[in-house]
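Below is one structure, written out as structure tokens; comments come after it.
The values are calculated or read from the model by the stated rules, or taken from the named source; none is laboratory data. From a predicted model like this one, the values you see are computed outputs, not experimental measurements. Here Cβ is always computed from backbone atoms with ideal geometry, including for glycine, and neighbour counts include all displayed protein chains.
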Ligand code: BTN
């Protein structure tokens, strides 16, 4: 059994009415390997590049905490890409929804972001070179009403309920997702052979491949959200053609001058 301490998935779940952030909880508290932290809402939910992640009641805000026991940082490179596949699989299974992936790891339904993924590592204070804990945080906008996404994010983010009128059973989704995320932990820790399956599935659902894109390099945005800067001044961002995904879920792009680049970080916008 992978997590000796627990008898079942339910047994692993620590549930809260509200937390500042489920990822921060996993970082700060000493919780066992395999623990799953869920909050009905978050007051300081956050995402990549220091952005806020809107976390009103109705969504699934969940973090998975694994001890790494000597797993080296390179093995963690494909984690977020595989997590995107895990979310797609879980939503298909539970809701029959065919969502898509926008590189790097936004899950999109009918053109709007319904899920974000933030994988983080914690290093112990004495051994700074090997990560001690892997924390995978996933926020899925499930049952929120459309008014939960106001202001400039209105055109970017939404929930499953707002898009297709379907109410999602958060408990069932949490269990399905836990099964999928455990498989990813296994794939990086001990069980080889599942790698190609994840990249093939990622490619199948990735709406970015084959598109003309703008590369939203944060360095061009003086600290502002590149997506919002893009809405006002798209021309400051370089264009390229998104060609493929590499084995670590880097985005292979071709620039107008014929040069190829692999993007490993940042964000793109589809033109
Ligand atoms: C992103 O879109 O950049 C990633 C968003 C990740 C949000 C989830 S919600 C659960 C966990 N707790 C957080 O504070 N963030 C992640």
Query raised in the report: Mind checking which residues of the stretch 204-237 are loosely packed, with under 15 Cβ neighbours inside 10 Å and closer than 22 Å to residue 48 by Cα?
Result: 219, 222, 223, 224, 228, 231, 232, 233, 234, 236
Query raised in the report: Before we move on, is residue 133 touching a strand residue (DSSP E or B) at 6+ places or on another chain (Cβ under 6 Å), more than 14 Å from the ligand (Cβ to nearest atom) and assigned to a strand (DSSP E or B)?
Result: yes
Query - Enumeration of residues in the stretch 16-31 that are closer than 23 Å to residue 175 by Cβ, surrounded by 14 or more Cβ atoms within 10 Å (Cβ to Cβ) and more than 9 Å from the ligand (Cβ to nearest atom) - result: 16, 31
Report summary line: Among the residues of the stretch 92-130, the number that are outside any loop (DSSP other than H, G, I, E, B) and either over 30 Å from residue 150 (Cβ atoms) or touching a residue at least 60 places away in the same chain (Cβ under 8 Å) (or both) is 13
Query raised in the report: Before we move on, is residue 57 more than 13 Å from the chain's Cα centre (by Cα), closer than 20 Å to residue 142 by Cβ, surrounded by fewer than 16 Cβ atoms within 10 Å (Cβ to Cβ) and more than 12 Å from the ligand (Cβ to nearest atom)?
Result: yes
**Report entry** Residues satisfying the stated conditions in the stretch 100-117, i.e. buried (at least 23 other Cβ atoms within 10 Å of the Cβ) and more than 10 Å from the ligand (Cβ to nearest atom)
**Finding:** 101, 103, 114
Query raised in the report: Do we have any residue at all in the stretch 260-270 that's farther than 17 Å from residue 102 by Cβ, surrounded by 14 or more Cβ atoms within 10 Å (Cβ to Cβ) and in contact (Cβ under 8 Å) with a residue 12 or more places away in the chain?
Result: yes
Query raised in the report: In the stretch 32-43, how many residues are more than 7 Å from the ligand (Cβ to nearest atom) and either in a strand (DSSP E or B) or under 24 Å from residue 146 (Cα atoms) (or both)?
Result: 8
Report task. Of the numbered conditions (1) buried (at least 18 other Cβ atoms within 10 Å of the Cβ); (2) within 18 Å of the chain's Cα centre (by Cα); (3) more than 14 Å from the ligand (Cβ to nearest atom); (4) modelled with pLDDT of 95 or more, residue 81 fails exactly one; give the number of that condition. Result -> (3)
Query raised in the report: Does residue 144 satisfy being more than 17 Å from the chain's Cα centre (by Cα) and within 14 Å of the ligand (Cβ to nearest atom)?
Result: yes
